[in-house]
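Report on the structure given below.
The values are calculated or read from the model by the stated rules, or taken from the named source; none is laboratory data. These numbers come from a predicted model, not from an experiment. A quick note on method: Cβ atoms are made from the backbone with ideal geometry, for glycine too, and the neighbour counts reach across all protein chains shown.
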Amino acid sequence: MRARVVKTTGDRYWVLDESGQMHEVHTKGRLRMQGIRSTSPVVVGDWVQVRDGLITEIEDRNNYIVRRASNLSKYSHILAANVDQVFLLVTLAWPETALEFVDRFLVTAEAYRVPVVLLFNKTDLYTPELEERYRQMTALYTPLGYPCLRMSLYSGEGVEEIRGRLQGKVTLLSGNSGVGKSTLMNALDPRLSARTGEVSEVHGKGMHTTTFSQMYPVAGGYVIDTPGIKGFGVVDLEPADVAHCFPEMFRLADQCKFHNCTHTHEAGCAVTAAWQRGEIADSRYDSYVSILADMDQSKYR
Ligand SMILES: Nc1nc2c(ncn2[C@@H]2O[C@H](COP(=O)(O)OP(=O)(O)OP(=O)(O)O)[C@@H](O)[C@H]2O)c(=O)[nH]1
Ligand SMILES: [Mg+2]
Ligand SMILES: [Zn+2]
């Protein structure tokens, strides 16, 4: 039987077969896998073959969203596989999402050509300063090909437009802990009653309420709620490929004097020239350099 994995808890798996029936299944022995070292062999979104309650085969993945457990870890963790689009929830306050986190996430998504929409949640908390910040963020990211939408799960702003984008697709929700991923699930379908958690009064951060990814059939598509992520180590990329994942740099890279230009110190670099002219945002260029620096470190481990 062919089925799609909709939930895993580490050792137990739930799959949905092609007639929409849910089954709890197990894994046993060695599974045929793509060459990736991961802490979790079978992930939400995987298409698998099941025989006698056991997963016998994982189909090759079209893509997956992967993050390294930490900057120093050799092991990576796949959040989900075979996704059509990602909604990255961003909050400008309570908690504040770091720009570098957004950029690292976007690089990973670009590496597998997964389209990303930025959902700016908690607009009900926006002060005039945050409105201005929001305006700057949309002016930065929209031209790069990342649509920006406003959302408030308290006022309901944006929810119907977001629902309209789910039809016929597998959508992954991601973002830091406490940004409202599970609250969005419940807004899309109140019957789901996904567990949500407060943002800590002390640290202004989420409490990591959701601990396993889970896929739900919603609004004519499938939506995957995932655990909130903190840092984001970029994996599976060679240093030379990082600039390809920054659309505004990729556009210019063939104008650099050296074909193997790293866009950092080289003469005749079209990317640094554009950055100096203010055509590439400082925050984006800083994220690029920071990702390269990470990779440089990992060479010596
Ligand atoms: N003010 C405000 N609070 C919101 C909004 N959406 C969600 N929240 C609150 O934010 C807190 C965290 O929401 P969750 O849905 O649990 O966040 P999450 O992204 O699933 O977090 P993890 O599961 O820990 O990754 C809860 O107290 C929600 O009520 C919003 O639009 N405005
Ligand atoms: Mg959650
Ligand atoms: Zn260059």
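Provide a single number: the residues in the stretch 144-186 that are among the aliphatic types (A, V, I, L, M), part of a loop (DSSP other than H, G, I, E, B) and either surrounded by fewer than 20 Cβ atoms within 10 Å (Cβ to Cβ) or out of contact with any Phe, Trp or Tyr (no Cβ under 7 Å at 6 or more places or on another chain) (or both). Within the stretch 144-186, residues that are among the aliphatic types (A, V, I, L, M), part of a loop (DSSP other than H, G, I, E, B) and either surrounded by fewer than 20 Cβ atoms within 10 Å (Cβ to Cβ) or out of contact with any Phe, Trp or Tyr (no Cβ under 7 Å at 6 or more places or on another chain) (or both) number 3.
Look through Thr196, Thr210, Thr183 and report the one residue that is touching a strand residue (DSSP E or B) at 6+ places or on another chain (Cβ under 8 Å) and not small (Gly, Ala, Ser). Let's see the steps before the verdict.
Numbers: Thr196 fails: touching a strand residue (DSSP E or B) at 6+ places or on another chain (Cβ under 8 Å); Thr183 fails: touching a strand residue (DSSP E or B) at 6+ places or on another chain (Cβ under 8 Å).
After ruling out the rest, the residue left standing is Thr210.
Pairing residues of the stretch 222-250 that are at pLDDT 95 or above with residues that are surrounded by 22 or more Cβ atoms within 10 Å (Cβ to Cβ) and of a type in the set (Phe, Trp, Tyr), at Cβ distances under 6 Å and at least 6 apart in sequence or on separate chains, gives Phe246/Tyr288. Where helices (runs of 4 or more DSSP H) fall wholly inside the stretch 187-301, the ranges with 3 or more residues that are crowded, with 18+ Cβ neighbours inside 10 Å and within 16 Å of ligand 3 (Cβ to nearest atom) are 270-276, 282-299.
Quick check on the stretch 120-128. Is at least one of its residues farther than 21 Å from Phe212 by Cα, of a type in the set (Lys, Arg) and modelled with pLDDT under 95? No; the residues of the stretch 120-128 include none that is farther than 21 Å from Phe212 by Cα, of a type in the set (Lys, Arg) and modelled with pLDDT under 95. For the stretch 36-50, the criterion of being surrounded by fewer than 15 Cβ atoms within 10 Å (Cβ to Cβ), at pLDDT 90 or above and more than 25 Å from Ala293 (Cβ to Cβ) is satisfied by at least one residue. Among the criteria (1) in a loop (DSSP other than H, G, I, E, B); (2) surrounded by fewer than 20 Cβ atoms within 10 Å (Cβ to Cβ), the one Thr97 does not fulfil is (2).
So if I check each of Thr91, Thr108, Thr56, which one is of a type in the set (Ser, Thr, Tyr), modelled with pLDDT under 95 and surrounded by 22 or more Cβ atoms within 10 Å (Cβ to Cβ)? Give the steps one after another, and end with the answer.
On the way: Thr91 fails: modelled with pLDDT under 95; Thr56 fails: surrounded by 22 or more Cβ atoms within 10 Å (Cβ to Cβ).
Being of a type in the set (Ser, Thr, Tyr), modelled with pLDDT under 95 and surrounded by 22 or more Cβ atoms within 10 Å (Cβ to Cβ) holds for just one of Thr91, Thr108, Thr56, which is Thr108.
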